[in-house]
Amino acid sequence: MALRLASRKFGSKFLSMLTATSSLHSHATSFGFKEVREEDKSQLVGNVFTNVASNYDLMNDLMSGGLHRLWKERLVSKLNPFPGMKHLDVAGGTGDVAFRILETVNSVKRRAIQDPSNDNLHEETEIYVCDINPNMLNVGKKRAVERGLGETKSLIWAEGDAEALDFPDNSMDGYTIAFGIRNVTHIEKALVEAHRVLKRGGRFLCLELSHVDVPLLKQVYDYYSFSIIPAVGELVAGDRESYQYLVESIRRFPPQDKFALMIADAGFQKVEYENLVAGVVAIHSGLKL
C-alpha cells in the first residue's frame, strides 16, 4: 500500500514536471527535466560527470545490482570483436567497455594463433576510448594501469565530442556507446558522426537505459529511480543532484521505437533493438552498408 501511494504521488509530480518541459524552443534543450540553452547543456553535463567520475563504476554496481556488467557483456557479444579491428568506444572514459572488447579480441587471438594464414592476427588491434570529460578518461587510464594494460598499444585514449569526432571518414570497424548518448545535446548529430566514421560493413551498437514496458514494474522502477538512486548518490558519492539529473535524463530519452527510427534516419540499415529487463535497458544496433 505504501509503495502504491508513493507511486501515485510520484506519478502526479512526474507528469507535472514533464508537461512543464515538453515544449522546448529551437534554441533550448533538456537537462533532465529542466529547460536550458543548448550552449549550456554540454557544460552542465560535464559538471555532472566531473562530480561522479571517481565513484562512477561503484555507483553503477550499486544502482544496477551489478547487472550493468552483464549488459556490457551482451553489448560486446553483439559486436563480435576480432583481432586487427579498429574500434571506437564513445563516452567510454572509464574503459569498462573497451577492456571487455580487448579481452575478447585477445581470447579470439589465442584460439586462432595456430592458424598462421590468418592475416588479422598480425595487425595491431586499435580500440579508441573517446570521452568529452578528461576526468572520466583519467579514471580509465588508471584502471588500465591497474589491469596491467598501461603500456598496451591497443588502447588509445582520446578526449573528444560525440557530435564532432576527430576521426577520418570510413575508418572504424565498430562503434559502441554505453550509457552516454542520452547526455549529448544533439543526438541526431552524434548518430550521423557514428555513421561517418564507420567503414562499410561496420556496426553501430548503443547500450542505454530506456523505457520499461510492464506497468507494474514501471511503478516500482520509477519509485526506485527517483526515491532511491539520488539518496544512494548522496550517501556514497556525496552528490544527490548529479544522480537526480541522471534518472531524469533517462525519462527524457526517446522510447526504443523512436530511437530506432533516429538511427535509421542517420543512414544505418538493419536497425534493431533488444530490450533487457523489460526495457530497463536496451541495446540498439545498425549497420553501415
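With the cut-off at 1.5 for a/c, could you classify segment 103-207 from its C-alpha gyration tensor as rounded, prolate or oblate?
Taking the square roots of the gyration eigenvalues as a ≥ b ≥ c, segment 103-207 is oblate.
Specify the inter-centroid distance of segment 122-137 and segment 248-280, based on alpha-carbon positions, in whole Å.
Distance between centres, Cα-based: 25 Å.
To the nearest 10 Å², what's Arg143's accessible area with a 1.4 Å probe?
The value for Arg143 is about 50 Å².
Please give the per residue volume of the convex hull enclosing the alpha carbon atoms of segment 176-289, rounded to a whole number of Å³.
Here the figure is 99 Å³ per residue.
Quick check on packing: order 162-168, 269-275 by the mean number of other C-beta atoms within 10 Å, highest mean leading.
Taking the mean over residues of other Cβ atoms within 10 Å, the ranking is 162-168, 269-275.
Report the accessible area of Val220, computed with a 1.4 Å probe over the heavy atoms of all protein chains in place, in Å² rounded to the nearest 10.
Approximately 60 Å² for this residue.
Under 5 Å between amide H atoms, partner at least 5 residues away or on a different chain: which partners does Leu155 have, H built in plane at 1.01 Å?
Counting only residues 5 or more places away or on other chains, the set is Ile127.
Return a whole-number percent for the relative contact order of segment 144-208, with Cα pairs under 8 Å and 6 or more residues apart as the contact set.
Relative contact order comes out at 39 percent.
For segment 53-110 and segment 167-194, write down the distance between their C-alpha centroids in whole Å.
If we compute the Cα centre of each part, the gap is 16 Å.
The values are calculated or read from the model by the stated rules, or taken from the named source; none is laboratory data. Remember, predicted model here, so these are calculated numbers, not experimental data. We place every Cβ from the backbone using ideal geometry, glycine too, and count neighbours over all the protein chains shown. Please note that ligands, DNA and RNA were not included when accessible areas were found on the heavy atoms of the full protein model with its side chains. Shrake-Rupley method; radii C 1.70, N 1.55, O 1.52, S 1.80 Å.
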